[in-house]
Amino acid sequence: MTEVMNDHWQEWKEIFDFRHARVLKSKNVLDELDVAFIEGAIASPEHEAKLKEIRDKSKKLVAVGACAVTGLPSGQRNTFTPEQQAAIDFLTTRFGALPKVLKVKDVVAVDVEIPGCPMSPTVFLEKVNSLVAELRNTGSSQ
């Protein structure tokens with residue numbers, strides 16, 4: 001996603017107000033968002049709480065990448081045998097992990113999914129352009 005943003009930064013900075021993007025800014029604001037992009041599976045109560053907060057503040061939410069869309073590969077532990085679970089229990093306990101790794105849509109409503117690892121830049125651009133057009137048509141684009 002960062003590579004696509006690098007390629008389109010000059011164009012996008014004219015139409016987007018990047019409110020919270022740690023890869024771009026040191027001072028971020030998590031308030032009213034037109035579109036939120038979520039990468040990664042949900043593996044801890046903290047992830048779950050932050051995701052719910054982001055969803056509450058977003059008009060549209062996009063799950064980006066295999067981890068966010070399918071929960072894999074980290075979700076492989078969801079299918080472990082009891083013996084395999086016991087072998088990693090010290091890690092899941094140490095890091096305060098949820099009993100199961102969740103997809104983004106297991107926790108909140110998702111408006112758009114962009115699968116892949118890596119994701120397809122073409123699909124990403126198509127879906128982002130579609131969301132921008134939709135938000136412009138409703139008069140709420142920033």
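How much space per residue, in cubic angstrom, does the convex hull of the C-alpha atoms of the chain take up?
Expressed per residue, the convex hull around the Cα atoms of the chain is 114 Å³.
Set the bar at 18 Å for Cα to Cα. Now go through Lys60/Lys105; Lys52/Lys105; Lys50/Lys105; Lys100/Lys127; Lys59/Lys105 and name every pair that lies beyond it.
From Lys60/Lys105; Lys52/Lys105; Lys50/Lys105; Lys100/Lys127; Lys59/Lys105, over 18 Å: Lys100/Lys127.
If I fit a long axis through the Cα atoms of helix 82-94 and take the longest principal axis of the Cα atoms of the chain, what angle between them do I get, 0 to 90°, rounded to 10?
It is inclined by approximately 60 degrees.
Under a point-charge model restricted to the Cβ atoms of Lys and Arg (+1) and Asp and Glu (-1), what is the dipole moment magnitude of the chain relative to its Cα centre, in debye to the nearest 20?
260 debye
Quick one: helix 2-15 against the long Cα principal axis of the chain, what's the angle to the nearest 10°, folded into 0 to 90?
The angle comes out near 30 degrees.
Pick out which of Val35, Val64, Val107 has the largest mean-square fluctuation in a Gaussian network model of the chain, springs linking Cα atoms closer than 10 Å.
Looking only at Val35, Val64, Val107, the biggest GNM fluctuation is shown by Val107.
Tell me, in nm to one decimal, what length is gained between Asp31 and Glu14 on full extension, where the rule is 0.36 nm per residue of separation less the Cα-Cα distance?
Answer, rounded to one decimal: 4.1 nm.
Identify which of Asp89, Asp111, Asp56 has the largest mean-square fluctuation in a Gaussian network model of the chain, with springs joining Cα atoms closer than 10 Å.
Comparing Asp89, Asp111, Asp56 in the GNM, the peak value goes to Asp89.
Through the Karplus equation 6.51 cos²θ - 1.76 cosθ + 1.60, θ set to phi - 60°, convert the phi angles of region 74-80 into ³J(HN,Hα) values in whole Hz; use x for Gly and Pro.
Taking θ as phi minus 60°, the curve returns 4, x, 4, 5, 5, 9, 5 Hz for region 74-80.
Rounded to the nearest whole Å², what accessible area per residue is found for the chain with the 1.4 Å probe?
62 Å²
Counting only protein heavy atoms and using a 1.4 Å probe, what share of the accessible area of the chain belongs to carbon plus sulfur, as a whole percent?
Roughly 54 percent of what the probe reaches on the chain is carbon or sulfur.
The values are calculated or read from the model by the stated rules, or taken from the named source; none is laboratory data. Just so we're clear, the structure is a prediction, and the values are computed from it rather than from any experiment. Cβ atoms come from the backbone with ideal geometry, glycine included; neighbour counts cover every protein chain shown. Surface areas here come from the heavy atoms of the whole protein model, side chains and all, with no ligands, DNA or RNA. Shrake-Rupley method; radii C 1.70, N 1.55, O 1.52, S 1.80 Å.
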